[in-house]
Amino acid sequence: MKQIVNYINNEWIDPKTSEYIEVTNPATGQVIAKTPLCGETEVDMAAKAAAKAFPSWRQTPVQDRIQYLFRLRDLLKENHDEISRVITKECGKTFGESKAEMVRAIENVEVACGMPMMMKGDVSEDISPGIDEIMLRQPLGVCATIAPFNFPGMIPFWYLPYALATGNTYIIKPSEKVPMTMKFIFSLIEQVGFPNGVVNMVNGAKNAVDAILDHPAIRAITFVGSTQTAKYIYRRAAENGKRVQAQGGAKNPVIILPDADMEMTSTMVADSAFGCAGQRCLAVSLAITVADARNSFTEMICDAASTRTVGYGLDDGVQMGPVINSHSKERVEQLIETGSKEGASALVDGRGTTINGYEEGAFVRPTILADVEPGSDIWKTEIFGPVLSMMHVNSVEDAIELTNSHIYGNQASLFTSSGRAARKFRYEIDAGNVGINIGVAAPMAFFPFGGSRGSFYGDLKAQGQDAIDFYTDKRVVITRW
Ligand code: NAD
């Protein structure tokens with residue numbers, strides 16, 4: 001069993017708490033680690049170390065700061081398989097999905113390596129005769145990230161490389177459910193040899209988060225997780241005067257028009273709904289068929305759902321792993337029951353799944369719930385499991401209206417062969433990430449990532465130029481000589 005410790009000021013620091021929670025391999029049910037529930041003491045140590053490191057890290061030329069990131073990128077690539085195995089063990093997704101997750105993490109490090117070009121300021125000469133105006137970008141100081149369980153390797157990298165490259169110092173608090181991935185990645189960070197205190201890790205749950213939200217030395221906070229926690233973090237961090245960005249939950253619709261290529265559509269929707277066992281903030285979880293699209297799509301998606309190979313993500317040929325733990329399995333199964341009670345029909349029912357050799361695993365097979373009603377609990381609730389709810393409307397206008405009436409707005413996709421319908425959808429849909437004939441509209445690292453409405457609290461998003469804007473303050477200097 002792995003003992004999880006903290007990484008503060010370039011040292012592995014034992015937790016000061018005796019409270020731990022167990023981490024299980026969701027496929028085997030085996031306890032594989034214990035996460036210490038650290039709090040104020042450890043956060044204070046990390047924040048002080050990061051604050052002390054800040055002045056000289058800020059003064060380190062940006063072209064030197066990124067040399068550390070080049071080294072980190074190489075180590076992440078060299079250890080790609082090993083990190084991916086750790087992700088699968090603690091998070092449940094397949095080895096292929098874990099590898100794909102780390103490709104995205106590495107891509108963010110690579111983009112941040114362009115920081116010498118990207119964080120330059122602006123100058124205007126003669127804003128009045130002989131007077132020049134300069135805009136400089138300066139780092140903020142100590143920045144922290146609070147991460148969710150579903151992408152233990154990727155999500156910290158929406159932030160860490162940009163925060164460091166722009167000259168900030170940094171603290172990550174991984175999800176207490178999946179602490180092993182960042183522990184492994186910090187063993188690589190240790191090899192990179194950042195100066196003391198530049199990058200730190202504190203493990204824990206609510207107490208650690210609250211200590212981060214309240215710590216006076218921490219200037220900016222990024223959060224990814226459920227909407228309930230996102231709202232709490234956004235409010236409390238803002239009350240404490242911090243710059244904050246909080247990415248929340250999702251219930252992503254896909255609208256299928258009758259002129260879509262049904263074979264491609266059903267394959268892509270199945271991959272989106274059941275990939276990572278539906279535990280992706282960009283997973284499609286509502287399929288809205290329009291007019292005649294209903295029959296052919298329903299038949300094909302049911303076929304794709306019932307033939308998916310479910311098992312341990314490290315075994316060959318497995319297409320879908322378990323959900324994160326037995327509590328989550330129970331919750332997903334209860335929500336399927338709620339849907340049935342509300343009048344939806346389970347065309348494919350994944351409840352009661354056991355996988356030979358992994359009887360203790362938290363497996364739920366792909367599930368299709370048809371005839372879900374707008375306004376029902378199953379329509380409103382983010383299930384975060386391999387459950388695709390289906391709805392039917394008569395026009396693309398109705399589908400757009402239904403989509404925009406939902407509290408979440410993380411992703412919405414349309415499948416069609418009509419350019420006109422695609423343009424209308426792109427123009428009218430209220431979602432942060434929009435897909436046209438795409439199942440998972442995940443932006444590359446050089447584009448901003450973030451949702452709309454109940455899926456996002458803040459203004460500047462993750463990745464790309466937004467990350468540089470988030471991690472720098474713009475200073476204006478006006479000079480006359
Ligand atoms: P979560 O909100 O339970 O936990 C996320 C983080 O917040 C963890 O580090 C946890 O320790 C902390 N936390 C949890 N409850 C807290 C509380 N009451 N007070 C203070 N801190 C608290 O989310 P999760 O279950 O780890 O992740 C799944 C959720 O994340 C889903 O809703 C999913 O849609 C969302 N998600 C969103 C995005 C996005 O980009 N919008 C990406 C990935 C995941």
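Numbers at a glance
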item: Over the chain: helical MRE at 222 nm, DSSP H runs n ≥ 4 each giving -39500 (n - 2.57), nearest 500; result: -12000 deg cm²/dmol
item: Relative contact order %, the stretch 54-181, counting alpha carbon pairs below 8 Å whose residues are six or more apart; result: 33 percent
item: Relative packing of 187-193, 120-126, 240-246, which averages over residues the other C-beta atoms within 10 Å, highest first; result: 240-246, 187-193, 120-126
item: Residue pairs, from the table 2/329; 16/48; 93/329, whose Cα atoms sit over 19 Å apart; result: 2/329
item: Relative contact order (%) - criterion: Cα under 8 Å, at least six apart; region: the chain; result: 19 percent
item: Shape category assigned to the stretch 391-452 from the gyration tensor of Cα positions, a/c cut at 1.5; result: oblate
item: For the chain: rounded, prolate or oblate by the Cα gyration tensor [a/c cutoff 1.5]; result: oblate
item: Ascending count of other beta-carbon atoms within 10 Å, so fewest first, for 98, 266; result: 266, 98
item: Antiparallel content of DSSP bridges confined to the chain, in %, to 5; result: 45 percent
item: Charge dipole (debye, nearest 20) of the stretch 126-262; +1 at Cβ of Lys and Arg, -1 at Cβ of Asp and Glu; result: 600 debye
item: Label zone at residue 117 (point 7 Å along Cα-to-Cβ), backbone N below 20 Å, the stretch 432-470; result: 444-449, 463-470
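No lab work stands behind these numbers, since they all come straight from the coordinates. The shown structure was predicted, so the numbers you read here are calculated from the model rather than taken from an experiment. All Cβ positions, glycine included, derive from the backbone under ideal geometry; neighbour counts span all protein chains shown.
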